[in-house]
Amino acid sequence: MSAAAQRADPVRHWLQAHLGLVYLFLYGPIIVLIVLSFNRAGLPTAWTGFSTEWYSKLAANAKIINAVENSLVVAFVSTAISTVIGTLLAIGMEARRPHPALEALVAAPMIIPDIVLAIALLSFFSLLKMTLGLHSIILAHAVFNIAFVCTVVRTRFKHFDRSIVEASIDLGAGAFTTFRRVTLPVIAPGVIAAALLAFTLSIDEFIIAYFTAGPGSSSTTFPMQIYAMIRFGVTPEINAVATIVMGVSFVLVFLSQRLNREVEA
Amino acid sequence: MTSNRLLLLGPGLAWLTGLLILPCGLIFVLGFFERGVYGGIDYTFTTENFSRAADPLYAGIFLYSARIALTAVVISLLIGYPAAYCIAQQPKSRQMPLLILVMMPFWSNYLIRTYAWIVLLNREGLINGALINLGAIVEPLPLLYNDFAIVVGLVYGYVPFMILALYSSISKLGPELAEASTDLGADSWRTFLRITLPLTLPGIAAGSVFVFVLSIGNFVTPDLLGGGKRTMLGNLIYDQFLTARDWPFGATLAFLLVALMMLLLTLQAVFVHRRAGNEEARA
């Protein structure tokens, strides 16, 4: 064994070096944006000194502030809806072995290409002659968020001892009390983790929002604003936007992962 | 109990039926209607949209998208396999953090991750700047707004999925098989080719289907990194809806994309199922 391990050693070193490069590939571009956002010149060609002026420019940009507000509304409401509905769905699916068709229905929003869901919803809303706006984006975002919340919460049930539910009912607790006092505390970290992920997905989602926002700039979301800025050209302001967005996403995902790990330990 | 379960499943079922099944069903139906004079839908039955999709112009766009997506799959595999293999070799306690680190970028904004490559690849970008400073090149290389940039963007976006799929397949293999093979005199390369690689084919298939489907339906990457010069399937669908305003034809294209995705997922499921069956038969 040790001889074999010795022989495999150079291979192992190469693999580890490769893995290091993969992380560099994944995080290098993000780090470049973060560094540039503090560059006075704002351009990648030369470092001209530390500055936070691009951030103050952002704070003074009414279009961006408006887009951020819209995104927050969409993300909060769609997260609230999908956390409740997705959690109920997860509990229902775990109560008894779900029909394969139901499994497929929950998996579908996560694998269907964004552009397809986007045009399907646009066609559907216009068939119903619905006016488009933030509310239609919320309806659309809840579709994939319900699926994500349901999937995350269901993983929590892997560690769930079902006999405690029976014990609670045997001891005379009603279905609702059992849910509130027994089931909910066990799955709560999963529910919060799922909500954080749903919020992250919604606030970063671009294509579906773009198609279901309708004409006019009143319901422009933050990613739509970012897209417009990128199309317009490379401006240093985007670097500051990128840094903030990345920071918020990473914190939310990190919290979510921490919550999800706790119970397993 | 039954009424309780309905209470739990009801809202979710209603939401997904109303806002997923019905709209997707509508897409399928729309493909059989004609385009209205002013861009609306004329409800006269036709199969013309489907024959039009086979037109060399659109078939060409489809083949081009498939070629780009396939290139992204192959490069993701080449990058992802050794990475996933290396993670699976680490001590158990380190595997999860390493995987989370791989998936972290996926959860953040795709537009911004794509934009980062504009900063890196453009004529005055970081890579050209560094190469010129080093004296390696005199004129900036045309790195952006071409197929190369699109593939880089797709690989960057989707290699985490590939690594995750490969990892879940590789980590299922115990070290025993490889050790047995080495003890029987096979060198490590031969062991990898004859034992590890065949046993992880399901992971390779799953990761490849994921990356292919996400790439071929992508709209943002060809738009931003291809400079809008190159049309992929996702852009074509986008154009039919927002520029050409030919919704029935756009719906047909979207339907074909979903059909292709379903076909690939089914093939992959059958493939994995059959391998599992074979292994059971052997055991």
For B:147, B:42, B:246, A:170, the accessible-area ranking with a 1.4 Å probe, largest leading, is A:170, B:42, B:147, B:246
Which number do you get for Rg(Cα) / (2.2 N^0.38 Å) in the stretch B:1-127?
-> 1.70
Mean per-residue count of partner chain Cβ within 10 Å for B:113-125 equals 5
Skip the ligands, DNA and RNA, and give the accessible area per residue of the stretch A:62-262 with a 1.4 Å probe, whole Å².
-> 42
Calculate the translational D of the stretch B:1-69 in whole µm² s⁻¹ from Stokes-Einstein, where the hydrodynamic radius comes from the Kirkwood formula applied to all Cα pairs, the temperature is 37 °C and the viscosity 0.692 mPa s.
-> 212
In nm, give the distance between the simple-model label positions of residue B:147 and residue A:250, each being 7 Å from the Cα along the Cα-to-Cβ direction.
-> 3.5
Buried accessible area, chains B and A (both chains, 1.4 Å probe, Å² to nearest 100) | 7300
Under unit Cβ charges (Lys, Arg +1; Asp, Glu -1), what dipole magnitude, rounded to 20 debye, does the protein assembly as shown have relative to its Cα centre?
-> 520
Counting only other chains, what is the mean number of Cβ atoms within 10 angstrom of the Cβ of each residue in peptide B:210-218?
-> 2
Area projected by the alpha carbon convex hull of the stretch A:130-265, averaged over all directions, nm² = 11.0
Stokes-Einstein D for the stretch A:11-121 at 4 °C, 1.567 mPa s, Kirkwood Rh over Cα pairs, in µm²/s?
-> 66
Most fluctuating residue given options B:67, B:190, B:52, as computed from a GNM of chain B linking Cα atoms under 10 Å = B:190
Starting from the Cα of residue B:92, draw a straight line to each of the aspartates and glutamates and keep only those under 17 Å, dropping any in the same chain fewer than 8 residues away.
-> A:262, A:264, B:176
Shielding by partners for B:97-107, please: the mean number of other protein chain Cβ atoms within 10 Å of each residue's Cβ.
-> 5
How large are Rg and Dmax for the stretch B:64-186 when only the alpha carbon atoms are used, in Å?
-> 18.6, 56
Under the 7 Å Cα-to-Cβ spin-label approximation, residue A:17 and residue B:173 lie apart by a distance in nanometres of 2.2
Just from its helices, what would the mean residue ellipticity at 222 nm be for chain A, if runs of 4 or more DSSP H residues each count -39500 (n - 2.57) and the sum is divided by every residue, rounded to the nearest 500 deg cm²/dmol?
-> -25500 deg cm²/dmol
In the stretch B:253-269, what residues drop by 10 Å² or more in accessible surface going from the chain by itself to the full protein assembly, probe 1.4 Å?
-> B:254, B:257, B:258, B:261, B:265
Springs between alpha-carbon atoms under 10 Å, Gaussian network over chain A: tell me which of A:205, A:103, A:166 tops the mean-square fluctuations.
-> A:166
Magnitude of the Cβ-charge dipole (Lys and Arg +1, Asp and Glu -1) of chain B about the Cα centre, nearest 20 debye, reported as 420
Taking N as the number of residues in chain A, what value does Rg over Cα atoms divided by 2.2 N^0.38 Å take?
-> 1.26
Computed FRET value (nearest 0.05) for residue B:64 with residue A:95, which takes r as the C-beta separation and R₀ as 56 Å = 0.70
Can you give the FRET efficiency for residue A:76 and residue A:126, using 1/(1 + (r/R0)^6), R0 = 25 Å, r = Cβ-Cβ distance, to the nearest 0.05?
-> 0.45
Of the candidates A:39, B:253, B:202, the farthest towards the positive dipole end of the protein assembly as shown (Lys/Arg Cβ +1, Asp/Glu Cβ -1, centred on the Cα centre) is B:202
When the charge dipole of the stretch A:62-262 is computed with +1 at the Cβ of Lys and Arg and -1 at the Cβ of Asp and Glu, the Cα pointing farthest to the positive end, of A:118, A:82, A:70, is that of A:82
Beyond 13 Å, what share of the Cα-Cα pairs of the stretch A:134-184 remains, rounded to the nearest whole percent?
-> 67
So what's the back-of-envelope 222 nm ellipticity for chain B, counting only DSSP H runs of four-plus at -39500 (n - 2.57) apiece and dividing by all residues, rounded to 500?
-> -23000 deg cm²/dmol
The simple spin-label model distance between residue B:45 and residue A:160, using points 7 Å out along Cα→Cβ, in nm, is 4.7
Roughly how large, in nm² to one decimal, is the mean projection of the convex hull of the alpha-carbon atoms in the protein assembly as shown?
-> 30.6
Peptide ranges A:146-155, A:59-68, B:220-229, B:133-142 listed from the most packed, as the mean C-beta count within 10 angstrom indicates = A:146-155, B:220-229, A:59-68, B:133-142
Net dipole in debye of the stretch B:111-229 [+1 Lys, Arg Cβ; -1 Asp, Glu Cβ; about Cα centre; nearest 20] = 220
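The values are calculated or read from the model by the stated rules, or taken from the named source; none is laboratory data. Model, not experiment: these values are computed from the prediction. Neighbour counts run over all protein chains shown; Cβ positions are idealised from the backbone, glycine included. Side chains are part of the model used for accessible areas, which takes the heavy atoms of the whole protein and leaves out ligands, DNA and RNA. Shrake-Rupley method; radii C 1.70, N 1.55, O 1.52, S 1.80 Å.
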